[in-house]
Structure formats: C-alpha cells, structure tokens
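Just so it is clear, none of the values below were taken in a lab; they were calculated from the coordinates. Quantities reported herein were computed from a predicted structural model and do not represent experimental measurements. Quick reminder, even Gly has a Cβ in these numbers, built from the backbone with ideal geometry, and neighbours come from all protein chains shown.
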C-alpha cells in the first residue's frame, strides 16, 4: 500500500462543517499533489488542520478536494512546551524546523541585548510556513504557535502561576542541570513549561538579573558551551522526553 502524504490546511479554509464539503486547494498544494505526488482525481491523501484532527481526503478536479472521514482527534499536548530563544544570525529557520519535529508547542523569538536585530515581522510568514512544512513531515497534528520577536525583558516578565514552570538556560555557571530539574517535576501538575535560551552572544548581566528577579529558575545544559540552536534543540529534547513524547533509552 502506498504511503499517504498529508497536507496541513488552515481550519478556516475547511469551514465549520468540513466533511464532504469541497474546499479549494492553493496553487502550491495543487502542484504538490498533482505534479509531485502524481495524484489524480479520485486519489486519496491525508489532511490535518493543525488543531489535533486528521482526515481522509479525496482529490477532485479543478484544484478542489473534499474530506471524507475523520481518522483521528488528538487532545492538546500537556504540558505545553514553549521555547523563548534569542534571535540568531544563522539557522533561525533550522531551529523552527527541528524544534517543531521535537514537539515544541510555541516559539517566542527574543530580541536580546547581545542578539541581532530582526527586520520587524517581514520574515514571520516564511517562518510560519517552515513550521507548517515541518509539522506535515513529522506527522504531528498540532501546529506550534509562532509569535513575532519581542524584547527579552518583555517576554521574560511573565507572572508566576501554579501551573507554570520557567527555566532559563545558562552557560559557564554552576547551576543544576535542566534534566534533573525537570525530573523533579510532576507533569500532571504543570500546565505550561517555558524554556528560555539566549542568543549566540549569551545573556547579558542585566538580563540575568532581570530574569532572577522575575522568578526564573536557572538551569545548565551540560559542561560545554553550546551554540544557540544546539542549546535550544537540546532543551526541547529533554523537555519532550520528560513529557513522555520520546523514548530515549
């Protein structure tokens, strides 16, 4: 049996009662199904809405398709894992792509004291597309949320709550390891897990002081100084293992 590929379609396009209601494919989607996958009218493929639902779909003529059956409905992942990371000069898109595969539920890029300046929201649409493509590739049903870049102090200034746990990862400091601190948590008691990592230049002293005053717990990712992207992916892998989504030995 040929493997069925999937498309992530915005739920707004599918409508409030999507079953058996034709919906239009974009030019890129139509090209992918017809020219890349060589599907013809009547052939089946899979559709997810990025909100936990998976359907069997059928390709129709004139760049149209319809949903035929609901195959799966997945609850919202709990606890939610959000990565707050300083913007990097290179590999920002790689962080989004691989972070999506590792189960990150939300990305908050940070404009830090030592990070590059982002060109407003000009790249937001492309970065959202990267998250969509990664979600399709790794077959996850929930699309991670991507926020526009924010100044680090604004993003770190979150009010503590009973279901929120916040860890700020640092290098060159004697701090408890992130894995050990996560292991001490009870996943059902945590609603949201926030992981913060600085840019290539690291956190500034002022940012560290601000985070400490805001109640963030400091954590180490090991004895070596990691690149920003490597550190972000390491933190996500540890968090996903703790949440139970990966079997790493």
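Details
- Residues in segment 89-107 that are surrounded by 19 or more Cβ atoms within 10 Å (Cβ to Cβ) and not in a helix (DSSP H, G or I): 102, 103, 104, 105, 107.
- Those strands (runs of 3 or more DSSP E) of segment 1-82 in which at least 1 residues are surrounded by fewer than 16 Cβ atoms within 10 Å (Cβ to Cβ), considering only elements entirely within it, cover 44-48, 53-59, 64-73.
- Of all residues in segment 202-222, those that are surrounded by 12 or more Cβ atoms within 10 Å (Cβ to Cβ), out of contact with any strand residue (DSSP E or B) (no Cβ under 8 Å at 6 or more places or on another chain) and in a helix (DSSP H, G or I) total 2.
- Scanning segment 141-159 for residues that are under 22 Å from residue 76 (Cβ atoms) and part of a loop (DSSP other than H, G, I, E, B) turns up 141, 143, 144, 147, 158, 159.
- Qualifying residue in segment 223-231 (condition: surrounded by 14 or more Cβ atoms within 10 Å (Cβ to Cβ), in contact (Cβ under 8 Å) with a residue 60 or more places away in the chain, assigned to a strand (DSSP E or B) and under 17 Å from the mean Cα position of the chain (by Cα)): no
- Selection within segment 180-201 - within 24 Å of residue 110 (Cα to Cα) and either over 18 Å from the mean Cα position of the chain (by Cα) or in a loop (DSSP other than H, G, I, E, B) (or both): 181, 182, 190, 191, 198, 199, 200, 201
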